[in-house]
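Written out below as C-alpha cells is the structure these notes cover.
Please treat every number below as a calculation from the coordinates, not as lab data. Quantities reported herein were computed from a predicted structural model and do not represent experimental measurements. All Cβ positions, glycine included, derive from the backbone under ideal geometry; neighbour counts span all protein chains shown.
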Amino acid sequence: MLEIRNLKKFYHGRQGTIWALDDVSLTVATGEFLTVQGPSGCGKSTLLLAAGGLLAPDAGEVLVDGQNPYLLPLDKRARFRAATIGFVFQQFHLVPYLSVLDNVLAPSLAMAAPAAKERAEDLIAHFNLADRLHHVPAELSIGERQRAGLARALLNRPKFLLADEPTGNLDGDNAAAVFRYFAEFAQAGGAVLLVTHDARAMEHAHRSISMRNGKFADSD
C-alpha cells in the first residue's frame, strides 16, 4: 500500500540545515497496522505528511497504492488523496459550525460519493453517534469528536489510513477503542500508518518502528 524509498526532507533554520527526514525507506503492506514512535521533532509528522501526498520531499520517492502522488497535477493529486487516503488527526479538525453529519460528509466535496448521506449516517451509527447527528463539535465530548473524525476519514472508503497522534487527547478507554478500530480496518484489507507517542498502540499494531533525528532507529 505504501512504499517510501530513500526519502529526504530538510528545512533551513537559523543554525543551518535541519534534516526532518534523512534517507528513510519504509513499506506498509495491505492488511498491516504500523506505528512509528519517537519524541517530538524526530520527523514523524513530516513522514506522515509526505506519505499522504501533502508535503513533497526534497529527494526520494513515495508510492501509494502504486501511484506517486507528487507526479500528479495538484487537482488530480487532491482527488487521488480523497479516493485513497483517510486522515485522522489529534486536533480532529472538525468544522466548528457544522453538525456531525455535515462534518462527516465534508470529504464528499472533494470527490462525489454515491449515496454519501446514507454512508455518513451508517458510519455515524457505527461509531455510536446517532444521537449526536445534528450536534456541532462544541456539544461533543473529546471521545465523540475523535469518533466523528474517524467517521469522516472513512466516508470515501479509503484503502489507507494515516493518523497523527490521534489519541493524544483521549483517556485510556477511548484510546484503546481507536487502536482497536485501526487493527480491525487493517484486518479487513486496509492499511494503517500511525505516528504517536502512545506506547499503548504497540499492543494493537502488527509492527512498530522507532524514529530519532529523522531516521529509523529500530523495528519490531
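Quick check for you: which residues of the stretch 172-214 have the amide N under 20 Å from the point 7 Å beyond the Cα of Ala59 toward its beta carbon? 212-214, by backbone N distance to the label point. Farthest toward the positive end of the dipole of the chain, out of Val36, Val24, Leu105, is the Cα of Val24, where the dipole comes from beta carbon charges about the Cα centre.
Would you order Leu193, Leu48 from fewest to most other beta-carbon atoms within 10 Å of each residue's own beta-carbon?
Final ranking by Cβ density, sparse to dense: Leu48, Leu193.
Residues Ser210, Ser141 in ascending order of nearby Cβ atoms (within 10 Å, fewest first): Ser141, Ser210. Subtracting the Cα-Cα distance of Arg207 and Leu72 from 0.36 nm times their residue separation leaves 45.6 nm of extension gain.
Assigning unit charges at the beta carbon (Lys, Arg +1; Asp, Glu -1) and nothing else, what dipole magnitude in debye, to the nearest 20, does the chain show about its Cα centre? Present the calculation step by step, with values, prior to reporting the outcome.
Working: 22 positive and 24 negative charges, 117 e Å.
About 560 debye.
Let me have the relative contact order for the chain, percent, based on Cα pairs under 8 Å that are six or more residues apart. Working shown, then result.
Details: 436 pairs, mean separation 68.9, N = 220.
Relative contact order of the chain: 31 percent.
For the stretch 1-66, applying the loop criterion from DSSP together with a ceiling of 10 other beta carbons within 10 Å to the trypsin sites (Lys or Arg not before Pro) yields Arg14.
Spatial offset of the stretch 164-188 relative to the stretch 58-95 amounts to 21 Å, using the alpha carbon center of each.
Bridging of Lys44 to lysines at a Cα separation below 29 Å is possible for Lys8, Lys9, Lys76, Lys159, Lys215, once same-chain residues fewer than 8 apart are set aside. Using the Cβ-Cβ distance between Glu139 and Ala106 with R0 set to 22 Å, the FRET efficiency from 1/(1 + (r/R0)^6) comes to roughly 0.80.
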